[in-house]
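Structure record follows, encoded as structure tokens.
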Amino acid sequence: MGKLIISNNKKIIEKLSKTFLNVGFSENRKYNLPPYITTFYKLNVKNDNVYCQDDFFVIVNGTAIYKNQFGYKALKFLLDDYRQLIKKYSNEEVIRKLREKLIGNYVVVIGSVKSSCCFVDETGSYAFYYSSGSDFLATQTFYHVAKNSSNKINKYAVFEKMIRGNMSAKDTYFDGVTRLLADEILELHFENNGLVVRTVKCNLNDYTCTVIDENEYIEKLKTEIEHLAMMRHALLNNSKTLMFVTGGLDSRLELSLHLKFKEEVILGYWAGNDIITNGTKEDLEISQKIAVAINAPFKFFDVSESFEECVSSAKPELFDKYGEYASVYGNNRKWLEIPELMGEEISAIGFGYFGETVRELEALDNSYFDGYTLNDFIKNIYCRNGVDKCILTDNNIYSYLETQLKRIGSGITSHEFMTKEDVLNLFNRTRFHSDTICNNYINMFCYGFSILSQKRIVDILEHMPYYMKTNAKLTLHLIKEWAPGLVDIPYFTHHHFVVYDKKHNCVREKINNQIINSVRTTVKKTPIYDAVLPIAHLLKEKKRGLSNSNKVLLVQTNKFVKETEFYNTNKSSIIIPDSNLNYDICSYAESVIDMKMIDSITIKSLNRSRK
């Protein structure tokens with residue numbers, strides 16, 4: 001990121017600035033006229049994020065490349081172009097034109113001392129939040145906005161996080177604290193020594209193109225990805241990237257792109273001793289094989305930490321540093337400290353996120369039928385982790401989710417039939433908020449963004465027929481083009497091995513898994529499915545050696561949930577489960593940290609009001 005604060009209240013911005021300074025951020029630039037603006041460097045990198053020219057300025061946080069330039073030059077070019085364009089066009093049109101030449105995950109504030117505007121990247125992957133009301137405040141974490149403004153809880157946003165890993169549209173845990181979306185601009189007008197803020201809808205660039213056949217689709221996608229990767233190469237040149245890899249396909253696809261441009265990488269893998277940190281022996285061994293194959297350094301990060309320790313350390317001073325990112329892996333501090341441990345040794349960190357947008361969706365293949373609607377999508381795919389059925393009792397969650405998904409779903413209605421492409425595209429749009437959490441966290445320390453999250457790529461993928469993404473054909477085609485040596489290394493994906501079909505350049509399930517999937521699909525259509533499901537979960541846990549640790553985790557999670565004020569206020573909407581089957585226990589456990597974070601704000605506010 002590092003950090004950016006905008007407010008019309010000098011006391012609020014001074015208070016929040018002090019918080020960021022206390023947790024290690026260094027101040028870069030401060031504007032002491034309304035609006036009050038303060039910027040901070042990244043924690044590991046003294047990055048250029050402000051440029052001024054006469055009464056005009058531009059501020060960029062996150063990771064952004066403009067006209068193939070990065071840092072000071074990018075800021076200068078961006079402001080020069082803005083000053084020329086604003087003479088002829090509206091804010092909406094100026095920003096549309098600027099974003100054509102911007103890539104990355106970023107927030108930009110640009111304009112003059114009289115009027116400026118704020119916008120994020122074209123898919124809204126970068127998280128930036130603001131409060132409404134007389135005291136305006138904007139920064140990268142909704143925790144810090146809420147701590148200094150709103151305290152009324154939106155319980156349905158909390159429930160959505162438990163279901164999907166984040167909120168898909170504008171809402172946060174706090175009413176009046178909202179996320180800036182890709183198709184919005186914050187206009188900041190400074191009138192009579194005050195700040196007038198307007199949220200304005202803006203048109204996004206459309207990068208779709210007419211293609212004739214399958215080969216043309218693939219070539220267009222490949223060319224666009226390589227073009228963006230070449231621009232990223234300018235940022236990463238003469239520096240090192242820590243690239244986290246597993247035994248699966250998605251991180252291998254991202255790695256192959258780094259290798260295509262001969263970038264220096266350090267491969268990494270983390271694992272703990274419980275299901276939350278999700279490490280496997282097979283993933284570790286394959287990631288080590290990959291490191292040997294490409295002759296790259298390899299780092300293993302042992303993030304073993306008891307859940308009790310994670311919960312006990314979730315205190316206000318920790319939230320002050322990480323905000324809502326503290327709940328990543330249940331506030332596993334060893335994971336959260338990885339960027340700090342790497343320090344200046346690296347300038348960027350990469351993951352395999354968004355690799356799944358190039359592939360089919362198993363949950364879709366297992367549930368799709370003619371006449372599929374948004375409600376079917378919500379119950380079969382969006383709520384696939386089972387939390388809605390096993391933890392939550394408030395059925396209003398479904399209508400809430402419907403409203404949120406319509407906001408990002410490009411005209412989808414409740415009763416309209418959805419094609420497989422519609423379903424996959426909608427689910428992938430929810431990734432812009434859920435699959436960018438780690439990247440946004442990393443941007444507090446150094447650089448990082450996913451090329452596959454860029455709208456130029458998203459537009460191509462959204463118009464591509466679904467069948468082209470089956471059996472990882474498209475993923476493997478790209479890996480083979482960029483780093484053919486990675487193709488023959490074994491694949492371990494979603495906790496099981498798959499077979500590489502060299503003749504057809506795709507992966508297939510092993511025969512035993514094909515039989516299991518076939519039986520599951522058949523049984524799912526019968527009344528015995530609900531009775532068989534717990535047995536299947538038990539067998540899976542036993543195979544992974546997690547059955548005992550999951551039972552312990554359930555007991556601990558239930559205890560900690562009951563201790564939160566959030567739970568005691570919303571008892572009628574939450575079940576305390578007596579089993580760890582049929583739902584994602586990790587999501588339930590991680591919600592403890594979110595509940596404690598909410599309590600840290602609401603209880604403190606209540607104590608202040610009593611005084």
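The values are calculated or read from the model by the stated rules, or taken from the named source; none is laboratory data. Since the structure is predicted, the reported quantities are computational estimates derived from the model, not experimental observations. Every residue, glycine among them, receives a Cβ derived from its backbone with ideal geometry; neighbour counts consider all protein chains shown. All accessible areas refer to the heavy atoms of the entire protein, side chains included, with ligands and DNA or RNA removed. Shrake-Rupley method; radii C 1.70, N 1.55, O 1.52, S 1.80 Å.
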Q: Any chance you could run the full-extension gain for LYS406 through LYS389? It's 0.36 nm times the residue separation minus the Cα-Cα distance, nm to one decimal.
A: 3.9 nm
Q: May I ask you to compute the full-extension gain from VAL113 to TYR207, defined as 0.36 nm times their residue separation minus their alpha-carbon distance, rounded to one decimal in nm?
A: 30.5 nm
Q: Could you do me a favour and compute the accessible area per residue for the chain, 1.4 Å probe, result in Å²?
A: 41 Å²
Q) Hey, rough spin-label estimate for LYS11 and LYS571, points 7 angstrom out along Cα→Cβ, what's it come to in nanometres? A) 3.7 nm
Q) Under a plain spin-label model, where a point goes 7 Å from the Cα along Cα-to-Cβ, how far apart in nm are SER239 and SER312? A) 3.8 nm
Q) How much length, in nm to one decimal, is gained on full extension between LYS46 and LYS299, taken as 0.36 nm per residue of separation minus their Cα-Cα distance? A) 88.6 nm
Q) Based on the mean of other beta carbon atoms within 10 Å per residue, what is the order of 226-235, 453-462, most packed first? A) 453-462, 226-235
Q | Gyration tensor (alpha-carbon) shape descriptor, the range 98-226, a/c threshold 1.5 | A | oblate
Q: Can you tell me the FRET efficiency between SER132 and HIS496 if r is taken as the Cβ-Cβ distance and R0 is 41 Å, rounded to the nearest 0.05?
A: 0.30
**Q.** Relative contact order for the chain, counting Cα pairs under 8 Å that sit 6 or more residues apart, in percent
**A.** 17 percent
Q | Per-residue [θ]222 nm for the chain (sum of -39500 (n - 2.57) over DSSP H runs n ≥ 4, rounded to 500) | A | -13000 deg cm²/dmol
Q | Inter-probe distance in nm under a simple model that places probes 7 Å from Cα toward Cβ, at GLU264 and LYS222 | A | 3.0 nm
(Q) Taking the Cα centroid of the range 447-497 and of the range 339-374, what is the distance between the two, rounded to the nearest whole Å? (A) 10 Å
Q) When the accessible area of the chain is computed with all protein chains present and a 1.4 Å probe, what percentage of it is carbon and sulfur? A) 50 percent
(Q) Placing +1 on the Cβ of each Lys and Arg and -1 on the Cβ of each Asp and Glu in the chain, which of ASN570, HIS415, GLY165 has its Cα farthest towards the positive end of the resulting dipole? (A) ASN570
Q. Calculated FRET efficiency, ASP578 and GLN84, Cβ-Cβ r, R0 56 Å, to nearest 0.05?
A. 0.30
Q. Which ³J(HN,Hα) values in Hz, rounded to whole numbers, follow from the phi angles of the range 160-168 under the Karplus curve 6.51 cos²θ - 1.76 cosθ + 1.60, where θ = phi - 60° and Gly and Pro get x?
A. 5, 4, 5, 7, 10, x, 5, 9, 7
Q: Would you kindly work out the equivalent ellipsoid of the range 1-155 from its C-alpha gyration tensor and give its semi-axes, the square roots of five times the eigenvalues, largest first in whole Å?
A: 25, 17, 16
Q: Of the listed pairs LYS3/LYS240; LYS240/LYS262; LYS3/LYS114; LYS161/LYS299; LYS88/LYS114, which have alpha-carbon separations greater than 20 Å here?
A: LYS3/LYS240; LYS3/LYS114; LYS161/LYS299
Q) Based on the mean of other beta carbon atoms within 10 Å per residue, what is the order of 579-587, 66-74, most packed first? A) 579-587, 66-74
